[in-house]
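Peer 1: Below is a structure I'd like to ask you about.
Values quoted throughout were computed directly from the atomic coordinates according to the rules given, and no laboratory measurement underlies them. If you're wondering where the values come from, they're calculated on a predicted model, not measured in any experiment. We place every Cβ from the backbone using ideal geometry, glycine too, and count neighbours over all the protein chains shown.
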């Protein structure tokens, strides 16, 4: 069953039902909690609110039985493409994505990513989407490659703990 961004209907994967929908201001505290318990990179509340206000059409949450269990936060930037050669383009940046531990491997992360990619392309006119991912995060790297992302380059000591990141991108 294919997810369509912006709809509120259930999306069933492996017999487990979840909903992907646009995030709201009321979701921000829940998103911050998910971020803090799943990722070492955390942001102040104003950062989350700013992304929701500016690029809310590409900020999604996933719910299971009415509980927010994951999110994806994106933004739109102008800059040189990461893949194609050329002049400045509008590109989407997946800033942060996380799914609570007990809800992983159900297709929620993939559905969140697909919703964000679709919104960045269709609502914001982005020509490319990119993200950074820890070189040690093999499950995420496999997911991103399955979705069409490719490793573009290594960003040395990208994270505060000194770990490198892959910059991964895909053309839209």
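Peer 1: Looking only at region 48-98, count how many residues are more than 16 Å from residue 120 (Cβ to Cβ) and buried (at least 21 other Cβ atoms within 10 Å of the Cβ).
Peer 2: 6
Peer 1: Farther than 11 Å from residue 70 by Cβ, touching a residue at least 60 places away in the same chain (Cβ under 8 Å) and within 10 Å of the chain's Cα centre (by Cα): is that true of residue 114 in this structure?
Peer 2: Numbers: farther than 11 Å from residue 70 by Cβ: yes; touching a residue at least 60 places away in the same chain (Cβ under 8 Å): yes; within 10 Å of the chain's Cα centre (by Cα): yes.
Yes.
Peer 1: Can I ask one more? Given the criteria in contact with a strand residue (DSSP E or B) (Cβ under 6 Å, 6 or more places away or on another chain), surrounded by 14 or more Cβ atoms within 10 Å (Cβ to Cβ), in contact (Cβ under 8 Å) with a residue 60 or more places away in the chain and in a loop (DSSP other than H, G, I, E, B), does residue 158 qualify? Full working, then the answer.
Peer 2: Working: in contact with a strand residue (DSSP E or B) (Cβ under 6 Å, 6 or more places away or on another chain): yes; surrounded by 14 or more Cβ atoms within 10 Å (Cβ to Cβ): yes; in contact (Cβ under 8 Å) with a residue 60 or more places away in the chain: no; in a loop (DSSP other than H, G, I, E, B): yes.
No: the conditions fail for residue 158.
Peer 1: Related question: Does residue 109 fit the bill of being buried (at least 21 other Cβ atoms within 10 Å of the Cβ), closer than 22 Å to residue 51 by Cα and without any contact (Cβ under 8 Å) to a residue 60 or more places away in the chain?
Peer 2: So residue 109 fits the description; yes.
Peer 1: Is it the case that region 24-41 has a residue that's closer than 17 Å to residue 128 by Cβ and in contact with a helix residue (DSSP H, G or I) (Cβ under 7 Å, 6 or more places away or on another chain)? Before the answer, list the steps.
Peer 2: Kept after step one, since they are closer than 17 Å to residue 128 by Cβ, are these residues of region 24-41: none.
No, there is no match, as no residue in region 24-41 is closer than 17 Å to residue 128 by Cβ and in contact with a helix residue (DSSP H, G or I) (Cβ under 7 Å, 6 or more places away or on another chain).
The rows are residues; the columns are (1) over 18 Å from the mean Cα position of the chain (by Cα); (2) over 20 Å from residue 41 (Cα atoms).
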position: 131; (1), (2): no, no
position: 138; (1), (2): no, no
position: 141; (1), (2): no, no
position: 147; (1), (2): no, yes
position: 152; (1), (2): no, yes
position: 155; (1), (2): yes, no
position: 161; (1), (2): yes, no
position: 171; (1), (2): no, yes
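Peer 1: Same structure, new question: Do you know which residues across region 78-97 are over 15 Å from the mean Cα position of the chain (by Cα) and touching a residue at least 12 places away in the same chain (Cβ under 8 Å)?
Peer 2: Of everything in region 78-97, those that are over 15 Å from the mean Cα position of the chain (by Cα) and touching a residue at least 12 places away in the same chain (Cβ under 8 Å) turn out to be 78, 79, 81, 82, 83, 84, 89, 90.
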